[in-house]
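Report on the structure given below.
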Amino acid sequence: MQSFQIKKNEAGQRFDKYLRKLLSEATSGFIYKMLRKKNITLNGKKADGSEKLQIEDKVTLFFSDETFAKFASPSLVNPEECSGSPKEENGYPYVPLEIIYEDADILIINKPAGMLSQKSGPDDFSANEYIIGYLLRQGSLTREELATFTPSVCNRLDRNTSGLLIAGKSLKGLQDMAGQLRSRSVQKHYRCLAKGWLPAAQTAEGWLKKDGAGNQVQVFHTRQPDSKYIQTGYTPLTYYMKAETPEGKGCLREVDSASIAGRTGIFTLLDVHLVTGRSHQIRAHLASLGHPIAGDSKYGDGDVNRWFRKYYQIHAQMLEAYRIKLADGREFEAPPGEAFRRVLKLTEKRKE
């Protein structure tokens, strides 16, 4: 016999939905048969699966250990097989995370460039797995809870885009964040270094079309078949110009906007605000406007990228999700990443 008590992240859902997670290796037919035969009970009584679970409800399975092991979620019976290597004792990978904010329902991390937001293949490790490893290690999540509720990231960033990633620690957190992101009430701001002079704030429009086979998108200035309407807002912050040091090495030098006219080798540091949120939107949209992001191997300018590789060892797009504002007014900001600190000498804002 096995017994489970319903916790806050499991309450509110139908009993049969909970059982399909708990007994993930069983068919629906088997689960309903066990309910009919009272081999599965809810608070000691027969149930049909349509009941809405409440906190502290008791679920009892009158199974042998062998039957339970056969049908239960692997995380309950074979925790060592859940993640592969590298592992902690709990079966999930653990790496130190830069925590920007955490409460009972959500976690906001500063994702480094190179880390996946979510798995793209079965053998991948992503921020999702690292966050679960962190929560298990911290003790705010147990292996038993993980069988029926999985914390998850709510927004996505490209692998080589660093910045703020929101995760739902609880069912409430996941639902709240999903609703805010769906309604676009979360304001997302990105920092990027774009080729050329962008003199004024603007909200650019376009139509984005995805090429799934090549994991690439294309932006058009008029509607195309199967395209999605997009809006990308940007505000110029600082201007830089290619220069040369006394030793003959390339460098970027900050310049005043009044002295830019007619000059080449200009770059603009932008605050980009996503009005719509499509895959690769910022990178492809700015490139379509003639202002590709420095270091972007997919949509960028080859000559620009070679210059940044040569003098600054930049191998990924200079783009990071640095500020978010939630619907309730809370605002969070990540410090400039290593590339921005090194190339543009940006520093973290002083906290009063």
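Can you list residues whose amide H is under 5 Å from Gln231's amide H, if they're 5+ apart or on another chain and H is modeled 1.01 Å from N?
Result for Gln231 returns Val275, Thr276.
Using a 1.4 Å probe and ignoring any ligands, DNA or RNA, find the accessible area of Cys154 and quote it in Å² to the nearest 10.
Cys154 exposes around 40 Å² with every protein chain in place.
Around Gly12, which amide H atoms from residues at least 5 apart in sequence, or from another chain, sit under 5 Å from its own amide H, with H modelled in the peptide plane?
For Gly12, whose amide H was placed from the backbone, the distant partners under 5 Å are Leu53, Gln54.
Can you list the HN-Hα couplings for the range 154-162, worked out from phi with the Karplus curve (6.51, -1.76, 1.60; θ = phi - 60°), rounded to whole Hz and with x for Gly and Pro?
Ordered by residue, 3J(HN,Hα) equals 9, 10, 10, 10, 4, 3, 9, 9, 8 Hz.
Would you work out the charge dipole size for the chain about its Cα centre, treating the Cβ of every Lys and Arg as +1 and the Cβ of every Asp and Glu as -1, and quote it to the nearest 20 debye?
Numbers: 52 positive and 42 negative charges, 153 e Å.
So the magnitude is around 740 debye.
Where does each of 142-148, 253-259 land if you order them by average Cβ count within 10 Å, highest first? Please list the in-between numbers first.
Details: 142-148: 18.6, 253-259: 11.3.
Ranked from most to least packed, the peptides come out as 142-148, 253-259.
Taking every DSSP beta bridge with both residues inside the chain, roughly what % is antiparallel (nearest 5)? Present the calculation step by step, with values, prior to reporting the outcome.
Details: 64 of 67 bridges.
Bridges in the chain that DSSP calls antiparallel: roughly 95 percent.
Would you mind telling me the share, in percent, of accessible area of the chain contributed by carbon and sulfur at probe 1.4 angstrom?
Working: 8370 of 17970 Å².
Roughly 47 percent, rounded to a whole number.
From the Cα gyration tensor of the range 95-145, with a ≥ b ≥ c the square roots of its eigenvalues, which class applies: rounded if a/c is under 1.5, or else prolate if a/b is larger than b/c, or else oblate?
oblate
Any idea what the dipole of the range 189-345 comes to, in debye rounded to 20, about its Cα centre with Lys/Arg Cβ at +1 and Asp/Glu Cβ at -1? Please list the in-between numbers first.
Working: 22 positive and 16 negative charges, 53 e Å.
With Lys and Arg at +1 and Asp and Glu at -1, about 260 debye.
If you work out Cα Rg over 2.2 N^0.38 Å from the coordinates, which of [x] 1.13; [y] 1.22; [z] 1.50 do you get?
Read-out taken from this structure: [y].
How much area per residue is accessible in the chain when the probe is 1.4 Å and only protein heavy atoms are counted (Å²)?
Details: 17970 Å² over 352 residues.
Each residue of the chain exposes 51 Å² on average to a 1.4 Å probe.
Can you show me the helix-derived [θ] at 222 nm for the chain, built from DSSP H runs with n ≥ 4 at -39,500 (n - 2.57) apiece and divided by the number of residues, rounded to the nearest 500.
Details: 10 runs with 82 residues, N = 352.
Calculated at 222 nm, the ellipticity per residue is -6500 deg cm²/dmol.
The values are calculated or read from the model by the stated rules, or taken from the named source; none is laboratory data. Just so it is clear, the structure is predicted and the values come from calculations on it, not from any experiment. Here Cβ is always computed from backbone atoms with ideal geometry, including for glycine, and neighbour counts include all displayed protein chains. All accessible areas refer to the heavy atoms of the entire protein, side chains included, with ligands and DNA or RNA removed. Shrake-Rupley method; radii C 1.70, N 1.55, O 1.52, S 1.80 Å.
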